[in-house]
Amino acid sequence: MSLSVRQRRILADMGIPVWRSRVAAAPAIEAPPGEPLAPAAEMPSGAADAGGGGQDAAVATLDWEALQTRVRDCQACAELARERTQTVFGVGDPRARWLFIGEAPGAEEDRRGEPFVGRAGQLLDNMLRALGLERGHDVFIANVLKCRPPGNRDPKPEESAACRAYLDRQIALIQPEVIVALGRIAAQSLLASEEPLGRLRGAQHRYQGVPLVVTYHPAYLLRKPGDKGKAWQDLQRARAFLE
């Protein structure tokens, strides 16, 4: 992948080293050393091509505007509906090729109604810029859960299940070419898997027929900046699907 001077500067600011390949080669999806590249057919049942079949019939017929209204007024999870400031539908280009999915809104996201704001959002924006992308253009950012769990606790399985029809409809309307799952909880939820993040990274996955790449959550990378290089490998993997 050819990088501009600006992209190289962004990567340097993120602490990610950039190597120049001596041999030009076609893009390939390769696992990092020590991590197997499992074909989709060998993934656990329900993980290789998770999703589909669980959509609520009514939600599956909504257009973009009607879906936004349905999410805004949702009362499916009594605790979440009671505690939230507002739902967080997602942000970006509704015809994007890239779809990034996190786990759930945090306190600031709940206040502003937009996913991935604050320091984690700034890091995600830097990651997008390193790919030559920007929030709102050819990128859509969403979460598995549309409401903030109280105290930023992990989403409960029944909450993720209640929200799944909304996410599935977003995917059906956006028709992305690649999905990037940000963090363990998002990856495990989408892939119906209990495998740790380290084993989900580097393997081939699909969700509703769309290639899915698993990487670290930006909030984790703020705590563990040494893993930014691995996250960059994951993003290059995702980009290879579009090339």
> Once amide H atoms are placed 1.01 Å from N in the peptide plane, what residues at a sequence separation of 5 or more from V178, or on another chain, have their amide H within under 5 Å of its amide H?
Replying inline: L99
> Based on the mean of other beta carbon atoms within 10 Å per residue, what is the order of 224-235, 164-175, 74-85, most packed first?
Replying inline: 164-175, 224-235, 74-85
> What ³J(HN,Hα) values, in whole Hz, does the Karplus curve 6.51 cos²θ - 1.76 cosθ + 1.60 give for segment 66-76 when θ = phi - 60°, with x put for Gly and Pro?
Replying inline: 5, 5, 4, 5, 4, 5, 4, 9, 4, 10, 4
> What is the spin-label model distance, in nm, from T69 to D56 if the labels are put 7 Å beyond Cα along the C-beta direction?
Replying inline: 1.5
> What's the extension gain from L222 to R111 if we count 0.36 nm per residue and subtract their Cα-Cα distance?
Replying inline: 37.8 nm
>> Quick check: the distance between the Cα centres of segment 205-243 and segment 117-141, to the nearest angstrom?
In response: 13
>> Straight-line reach only, C-alpha to C-alpha below 25 angstrom: list the lysines that K146 could link to, leaving out same-chain residues fewer than 8 apart.
In response: K156
> Could you list, bin by bin from short to long, the percent of Cα-Cα pairs of segment 112-189 in 10 Å steps?
Replying inline: 15, 49, 32, 4
> Mind checking Rg over Rh on segment 118-243, alpha carbons, Kirkwood formula for Rh?
Replying inline: 0.93
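The numbers here are math on the coordinates, done by the rules we state, and not lab data. All values derive from a computational prediction rather than experimental measurement. Here Cβ is always computed from backbone atoms with ideal geometry, including for glycine, and neighbour counts include all displayed protein chains.
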